[in-house]
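First the structure, in the form of structure tokens, and then the observations on it.
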Amino acid sequence: MLNHRAIALSIVPLLLAAAAAAQNAAAVVAPAAAASPYAGSQACQTCHEDLYNGVMKSPHAAVETDHRRGFAGKACESCHGPGAKHAESASAADIRVPSKLAAAAADRICLSCHLNEETRSGRLQSSHAKNQVPCTSCHQIHAAGPLGLLPHGQAAVNAQCERCHVNVVAQFQQPNHHRVPENAMSCVDCHNPHGSLRPAMGRAFAGNEPGCLNCHGDKRGPFAFEHAPVRFEGCQTCHEPHGSSNPRMLTRAQVRFVCLECHANLPAMNSRPVAGVVPPAFHDLRSPVYQNCTVCHQKIHGSHVDRNLLK
Ligand code: HEC
Ligand code: HEC
Ligand code: HEC
Ligand code: HEC
Ligand code: HEC
Ligand code: HEC
Ligand code: HEC
Ligand code: HEC
Ligand code: HEC
Ligand code: HEC
């Protein structure tokens, strides 16, 4: 609103300069100063009945009735700006439509009320904001139904994200995947589309830990013997979060290839101090017995009792 007024004010001197005769300038400025620039929602209703009904049935009806936000009786103009001139002229040129503004300018209108709400923290850092994906690409103000103002339910949220993230849809087609295509889960279980302090707009658990722990709490510990990468590098070091053709959504086809990326030079038993994977070293990778690491190292996410994650 401030911006709009600032623009209106900055136009005044231009008008004055343009108008050669002083009485012309007075004729332009004086009536505008006297009448309110707002028409009120009732005025909009006379010509935009269906849109009026839509908004008044949506949560934004609160703007119309609640005096605290300063737009009681003129909710339409909280987003569209002062509309008295347009209500008279019925010309598109006299009214603001967020969809015709640059993404950042459109977002600023919404954030004039929705700033500092819990889910919007980090919004300014989000990839969506940086890539000109405005609020209105996901929130349709005037539409009803599951894809209207707020997507309701997992299917509606997923459908919305999938419109743009086609490559991610493909990742979920892999045989082992989180059940997003089945709509048993949704993208916002793991991501905050408004931004977050974690990488890839990931949801957090208990402040700053991976959001995975919201559902996989048994992997959190605290363990007496931690497996370092679980805490320090995150779950996606070993798992594909969306989907994978590998069992357990691992990043590699077999467990041992995941391990050997970091443990290429396996140490030996204490009694036979030879490093490596070939005898006399203890871990003989030629033998099938030693290929399936997690048969022995069962507590791969951390152990309460065993330093070597064996139990
Ligand atoms: C006298 C009838 C009338 C009233 C009253 C009226 N409008 Fe309109 N409005 C129109 C017409 C006609 C159009 C289509 C203009 C065009 O497409 O050229 C329109 C278009 C619009 C648009 C779209 C502009 C665009 O660029 O596509 C918005 C937004 C709008 N009106 C909002 C409002 C709001 C908010 C109010 C109340 C403050 C309001 N209107 C009051 C007749 C009216
Ligand atoms: C919360 C913000 C907001 C409020 C409140 C709001 N609008 Fe809109 N309006 C928009 C946005 C954003 C668009 C652009 C279309 C879109 O992205 O959904 C729009 C588009 C329009 C259009 C253009 C036609 C169209 O559907 O694209 C008209 C007309 C309009 N609004 C009228 C109204 C009227 C009348 C009211 C009050 C009853 C109102 N609006 C209240 C945000 C709002
Ligand atoms: C004048 C203040 C104001 C403006 C501007 C505004 N909103 Fe709202 N919005 C509200 C209020 C009030 C509610 C009712 C729920 C609440 O109290 O938070 C609401 C509700 C919503 C909801 C539904 C929340 C729910 O839990 O059901 C969404 C989504 C939303 N707004 C998005 C937007 C978008 C997108 C824009 C910009 C086009 C916008 N709003 C502009 C005040 C505003
Ligand atoms: C990429 C899509 C997307 C964008 C961009 C987006 N939102 Fe949302 N928004 C959602 C989804 C999906 C939900 C529902 C979240 C849920 O169910 O947990 C939501 C929920 C909300 C809610 C409801 C309350 C809440 O916190 O869950 C409000 C209010 C809201 N968004 C406002 C905004 C505003 C303001 C902007 C722009 C600054 C914006 N959104 C940008 C997708 C988006
Ligand atoms: C209108 C198109 C559009 C919609 C709808 C959309 N996105 Fe995006 N999203 C983008 C663009 C553009 C980027 C930035 C380029 C990229 O990383 O692909 C992006 C980036 C992302 C990123 C990467 C963040 C990063 O920092 O690497 C995530 C995660 C994401 N979106 C999740 C979602 C979710 C969840 C939804 C549904 C609630 C959603 N998106 C809906 C367009 C969209
Ligand atoms: C089980 C949790 C989870 C679910 C569900 C999920 N994501 Fe992700 N997503 C992640 C994690 C974790 C990353 C970061 C991966 C990394 O850092 O390598 C990510 C990365 C991304 C990225 C950026 C990297 C890329 O692959 O392009 C986008 C975009 C994205 N997700 C979109 C989506 C969309 C859209 C959905 C729903 C269809 C979705 N995600 C569902 C956890 C999830
Ligand atoms: C909203 C809850 C939820 C979140 C958040 C979540 N998961 Fe899951 N995860 C599940 C469910 C439910 C299953 C079982 C799926 C099935 O049976 O098909 C699962 C399965 C898995 C599996 C495969 C287990 C198997 O037996 O094949 C792995 C690995 C996994 N999740 C890792 C992660 C990672 C990594 C993250 C964070 C990026 C994450 N999950 C976030 C609910 C969640
Ligand atoms: C060092 C690599 C590694 C890291 C990091 C890792 N995992 Fe795993 N995870 C594995 C391996 C290997 C398996 C398969 C074990 C098997 O097949 O015996 C597995 C299995 C799973 C399973 C399915 C079996 C079970 O135990 O429930 C889930 C769920 C899972 N991991 C979640 C997570 C989550 C959540 C994180 C992050 C907190 C994480 N993982 C971090 C290697 C890892
Ligand atoms: C991203 C790298 C990484 C991956 C992948 C990885 N580890 Fe580790 N692992 C480590 C680090 C770092 C330590 C801690 C070493 C230390 O404390 O000296 C460790 C410690 C261990 C330990 C405890 C021994 C000790 O010295 O504390 C065992 C056992 C182990 N890893 C087995 C595995 C197995 C089995 C896999 C495959 C499922 C695996 N690791 C995958 C990095 C990795
Ligand atoms: C047959 C059971 C078994 C299999 C299979 C196995 N290990 Fe081990 N591993 C052990 C035992 C027992 C120890 C403890 C040795 C000791 O006390 O010095 C150990 C120790 C380790 C250590 C820690 C050594 C140290 O510094 O204390 C790492 C790392 C390790 N194994 C990785 C792996 C990897 C990677 C694989 C798969 C390629 C694997 N193991 C397969 C039984 C096994």
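Remarks
- Residues within the range 64-79 that are in contact (Cβ under 8 Å) with a residue 24 or more places away in the chain and surrounded by 16 or more Cβ atoms within 10 Å (Cβ to Cβ), tallied: 6
So that you can scan it fast, the table gives a plain yes or no per residue for (1) within 11 Å of ligand 2 (Cβ to nearest atom); (2) hydroxyl-bearing (Ser, Thr, Tyr); (3) modelled with pLDDT of 95 or more:
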{"position": "65", "(1), (2), (3)": "no, yes, no"}
{"position": "81", "(1), (2), (3)": "yes, no, yes"}
{"position": "94", "(1), (2), (3)": "no, no, yes"}
{"position": "111", "(1), (2), (3)": "no, no, no"}
{"position": "127", "(1), (2), (3)": "no, yes, no"}
{"position": "130", "(1), (2), (3)": "no, no, no"}
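- Unmet criterion (only one of (1) farther than 26 Å from residue 104 by Cβ; (2) modelled with pLDDT of 95 or more) for residue 165: (1)
- Only listed residue being within 16 Å of ligand 4 (Cβ to nearest atom) and not polar (S, T, N, Q), chosen from 230, 157: 157
The values are calculated or read from the model by the stated rules, or taken from the named source; none is laboratory data. Remember, it's a predicted structure, so these values are computed and weren't measured experimentally. Glycine gets a Cβ as well: all are built from the backbone with ideal geometry, and neighbour counts include every protein chain shown.
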